[in-house]
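Enquirer: Quick one: the structure is below, and I'll ask about it shortly.
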Amino acid sequence: MVIFLICIAAAIIVIALYLMIHRVFLKQATLMVQKNAQDVTDVALNTSLKKLLHWDKDLNSQIVADVWGKGVLAFEYHFDYKKENINLDDFTRQKLAVKLDEYAKEHHLKMAPQASQPFVITDWWKYEGILHIDIAYLINEATVEYIEDLKKLKLNSN
């Protein structure tokens, strides 16, 4: 009977160790993919802004909240457009989207098979002189589903 209990305890310990190690490796892989996508998106946005606004600044992104799930590659940028003397009638969401698409084509960026373009501007809003821009990099299925969910939310809110 004691041997049986020892075997069960050993099995539980082995399973727990396996699950912990698996989780650590999975999280590490997810973070690596996320960091790579963030770097690619940062460079794409900064290159596009330099062409549109003729400035030499570099913006760094923050990851959009994980409420949508693991693996969503969406990033937020913000800057003081009033301090930079940027006219938002000239600098629009559509113009930035065109420049991001041009950048993606020039650099042959990969995207998810079901995506029609690599970058989607998911949000564009201003508050107290700060322009906030959210950009999703559609390189995986989770991000494509995120975009589809946002579209559904927008349709339901109208």
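Enquirer: Of the numbered conditions (1) in contact with a strand residue (DSSP E or B) (Cβ under 8 Å, 6 or more places away or on another chain); (2) among the β-branched types (V, I, T); (3) open to solvent by 60 Å² or more (accessible area, probe 1.4 Å); (4) more than 13 Å from I135 (Cα to Cα), I12 satisfies every one except a single condition; which is it?
Expert: Single failed check for I12: (1).
Enquirer: Okay, moving on. What about T41, is it out of contact with any strand residue (DSSP E or B) (no Cβ under 7 Å at 6 or more places or on another chain), of a type in the set (S, T, Y) and within 18 Å of L138 (Cβ to Cβ)?
Expert: The answer is no for T41.
Enquirer: If only one of L5, L45 is within 17 Å of L109 (Cα to Cα) and either part of a helix (DSSP H, G or I) or out of contact with any helix residue (DSSP H, G or I) (no Cβ under 8 Å at 6 or more places or on another chain) (or both), which one is it?
Expert: On the way: L5 fails: within 17 Å of L109 (Cα to Cα).
Going through L5, L45 in turn, just one is within 17 Å of L109 (Cα to Cα) and either part of a helix (DSSP H, G or I) or out of contact with any helix residue (DSSP H, G or I) (no Cβ under 8 Å at 6 or more places or on another chain) (or both): L45.
Enquirer: Return yes when Y81 is modelled with pLDDT of 90 or more, surrounded by 11 or more Cβ atoms within 10 Å (Cβ to Cβ), touching a Gly at 6+ places or on another chain (Cβ under 9 Å) and of a type outside the set (A, V, I, L, M, F, W, C) and no when it is not.
Expert: Details: modelled with pLDDT of 90 or more: yes; surrounded by 11 or more Cβ atoms within 10 Å (Cβ to Cβ): yes; touching a Gly at 6+ places or on another chain (Cβ under 9 Å): yes; of a type outside the set (A, V, I, L, M, F, W, C): yes.
Yes: the conditions hold for Y81.
Enquirer: Quick test of your reading of the structure: D56 fulfils all but one of (1) within 21 Å of W125 (Cβ to Cβ); (2) of a type outside the set (A, V, I, L, M); (3) in a loop (DSSP other than H, G, I, E, B); (4) without any contact (Cβ under 8 Å) to a residue 12 or more places away in the chain. Name the failing condition by number.
Expert: (1)
Enquirer: Among the residues of the stretch 56-78, are any open to solvent by less than 80 Å² (accessible area, probe 1.4 Å), under 26 Å from the mean Cα position of the chain (by Cα), farther than 27 Å from E141 by Cβ and among the aromatic types (F, W, Y)?
Expert: Checked the stretch 56-78: no residue is open to solvent by less than 80 Å² (accessible area, probe 1.4 Å), under 26 Å from the mean Cα position of the chain (by Cα), farther than 27 Å from E141 by Cβ and among the aromatic types (F, W, Y).
Enquirer: Which residue pairs have Cβ atoms closer than 6 Å, lie 6 or more positions apart in sequence or on different chains, and pair a first residue in the stretch 139-158 that is within 23 Å of K35 (Cα to Cα) with a second residue that is among the β-branched types (V, I, T)?
Expert: Listed by first residue and then by second, the contacts come to A142/V72; T143/V72; Y146/V72; I147/V120; L150/T122.
Enquirer: Right, another one. Filter the stretch 140-158 down to residues that are among the acidic types (D, E) and open to solvent by less than 100 Å² (accessible area, probe 1.4 Å) and give me whichever is farthest from S116 (Cα to Cα). It would help to see each step written out before you state the result.
Expert: Going through the stretch 140-158, the residues among the acidic types (D, E) turn out to be 141, 145, 148-149.
Add one more test, that the residue is open to solvent by less than 100 Å² (accessible area, probe 1.4 Å), and what stays is 145, 148-149.
Numbers: E145: 13, E148: 12, D149: 16 Å.
Looking at residues that are among the acidic types (D, E) and open to solvent by less than 100 Å² (accessible area, probe 1.4 Å), I get D149.
Enquirer: From the set of residues in the stretch 117-136 that are open to solvent by 50 Å² or more (accessible area, probe 1.4 Å) and not aromatic (F, W, Y), which is farthest from H107 (Cα to Cα)? It would help to see each step written out before you state the result.
Expert: Keep residues of the stretch 117-136 that are open to solvent by 50 Å² or more (accessible area, probe 1.4 Å), which gives 117, 123-128.
Now drop any that are not not aromatic (F, W, Y), which leaves 117, 123, 126, 128.
On the way: Q117: 13, D123: 24, K126: 30, E128: 35 Å.
Per the stated criteria, the residue is E128.
Enquirer: Another question, then. Which of (1) modelled with pLDDT of 90 or more; (2) open to solvent by 30 Å² or more (accessible area, probe 1.4 Å); (3) among the aliphatic types (A, V, I, L, M) does L26 not meet, given it meets every other one?
Expert: Failing condition for L26: (1).
The values are calculated or read from the model by the stated rules, or taken from the named source; none is laboratory data. Since this is a predicted model, take the numbers as computed values, not measurements. Positions of Cβ are backbone-derived with ideal geometry, glycine not excepted, and every protein chain shown enters the neighbour counts. With ligands, DNA and RNA removed, areas are computed over all heavy atoms of the protein, side chains included. Shrake-Rupley method; radii C 1.70, N 1.55, O 1.52, S 1.80 Å.
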